[in-house]
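Written below as structure tokens is the structure these notes are about.
Values in this text are rule-based calculations from the coordinates and carry no lab data. The shown structure was predicted, so the numbers you read here are calculated from the model rather than taken from an experiment. Counting neighbours? That spans all protein chains shown, and the Cβs are built from the backbone with ideal geometry, glycine included.
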Amino acid sequence: MISTMKIIFALLFLSLCLAAGAQNEPEIRVSFILMSPDLPNSSTVFITGGIPQLGLWDPGKVRMESRGDHTWGKEIVPKRPMSIEYKYTLGSWQHEGAQATGAPLSNFVIHVSSSTTIKDTILFWTKGNRQRVNQGQITGTVRYHRSMKGENIAARDVIVWLPPNYESAANERYPVIYMHDGQNIFDPATSSFGVDWAIDETVDALIKKKSIPPVIVVGIYNTPDRLHEYTPGEKGTAYMDFVVRKLKPFIDSTYRTKPGREQTIVGGSSAGGNISFMLLWKHPDIFSRAICMSPAFRAPDFLPVSWDLVKVVQSSNGNPRNVFIYLDNGGVGLERELQPGIDEMLTVLKGRGYKAESDFVLILDANAKHSEADWAQRFPKALLLVLGNLPPKGE
């Protein structure tokens, strides 16, 4: 029989070997080389992306080094093999790499598993034409409520989109969809990256086709505290309290809504998908359905903050019933990093008795990126699944 001491020594030896192996793993270095033939050599060029080494999408944080001959370079050291999405700018989202039409380029995407050099060429740059009148980019009628305040969170704007017959059908009342990252859902002029979800066009078209019932859509703007407000913690709790205790009562008293839970939906993407799930899970008396697009249920390890919504659900007492959760994800870049957390959440939900199709649905698109344009593509399907079986009359 093996003695206890031998087992201890064997485990110590194994841990030392694993530690030594980790220390000997080769460092990954990624060199980005940008060529822009018509850009003067004196130009200041930046690279930005979804990891701290690329500034977490701050367009003017990570400066590239001019190497002459219309070429700029930047080397970074990722923590591990990963997918990276990135873009090039001249210091702001008003001036980023563009297509010949003037529209911003889609995110570049690479998957790095070893040291490599990436060479990109950009022939055109946007010309700062995003400063447009908000209403000029929106289909339908919207109303703005500026600087709405909540307890222990920053004030924010709220935009309300009204269905086509809202003014003419004075006796009609409507379901409501509450959407996070409100500046990104209707208007490219206010969207963080110049591309919106086109929810106004999508909802308007589906209503006119009678594919979904007429609905009101409430867009809640985010703030610099977005990541903390949309994830578990004090800020997340304060944000949920704002939505439930202040914003919803205000909307119900200001507009002709159907205020019951069966007619109240919440939705968002990425961390906005997190807080949508949390609002449904914590307040099933208020919300009956959630749209969670590309949700980050577990924090990617390259972020400076950490959360684990899977553990929150695992430790919860009781299961919200008569709810429906729409989940989706892509397969490119950051989407690949988020999929394990989604899989783990589904395992927990199934273990608690939730059934696919009746209680939740998962839609996967292997070619989709973590971006407004891709969420806009999937949003009609989400609406059809979430609104298709709404009761004809609300409470």
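Averaging the sequence gap over all C-alpha pairs within less than 8 Å and six or more residues apart, then dividing by the number of residues, gives the chain a relative contact order of 13 percent.
Only Lys, Arg, Asp and Glu carry charge here, each on its Cβ (+1 for the first two, -1 for the last two); on that basis region 152-281 has a dipole of about 420 debye about its Cα centre.
Listed options for Rg and Dmax of the Cα atoms in Å are (i) 21.6, 87; (ii) 23.5, 86; (iii) 21.3, 67. The value calculated from this structure is the one marked (ii).
With the largest listed first and rounded to whole Å, the semi-axes of the equivalent ellipsoid of region 30-125 from the Cα gyration tensor are 21, 15, 12. Residues R261, R378, arranged from fewest to most other Cβ atoms within 10 angstrom of their Cβ, appear as R261, R378. With the simple spin-label model, which puts each label point 7 Å out from Cα in the Cβ direction, the R146 to K350 separation comes to 5.1 nm.
Modelled spin labels at L362 and Q377, positioned 7 Å past Cα toward Cβ, are 2.0 nm from each other. Per-peptide packing, taken as the mean over residues of other Cβ atoms within 10 Å, places 95-101, 338-344, 65-71 in the sequence 338-344, 95-101, 65-71 from highest down.
Electrostatic bookkeeping for L54 treats Lys and Arg as +1 and Asp and Glu as -1; over the other residues with beta carbon under 13 Å from its beta carbon, the sum is +2.
Listed by chain and number, the aspartates and glutamates placed with their C-alpha closer than 13 angstrom to that of K350 are D359; residues fewer than eight positions away on the same chain are left out.
Counting beta carbons within 10 Å around each of V109, V77 and listing the fewest first gives the order V77, V109.
Computed from the C-beta positions of A169 and I110 and an R0 of 41 Å, the FRET efficiency is 0.20 to the nearest 0.05.
Using the membrane-span-like helix rule (whole DSSP H runs, Cα extent along the own axis of at least 20 Å, mean Kyte-Doolittle hydropathy at least 1.6), which helices of the chain qualify? Those that clear 20 Å and a mean of 1.6 are 4-23. Within the straight-line cut-off of under 29 Å between alpha carbons, the lysines reachable from K61 are K74, K79, K87, K119, K127, K235, K369, sequence neighbours fewer than 8 places apart in one chain being disregarded. Restricting region 196-230 to trypsin sites (Lys or Arg not before Pro) that sit in a DSSP loop and have at most 16 other Cβ atoms within 10 Å of their own Cβ leaves K209, K210.
Measuring r between the beta carbons of M35 and V305 and using R0 = 51 Å, the FRET efficiency lands at 0.90. Remark: spin-label model distance L123-E65 equals 3.0 nm, labels positioned 7 Å along the Cα→Cβ axis.
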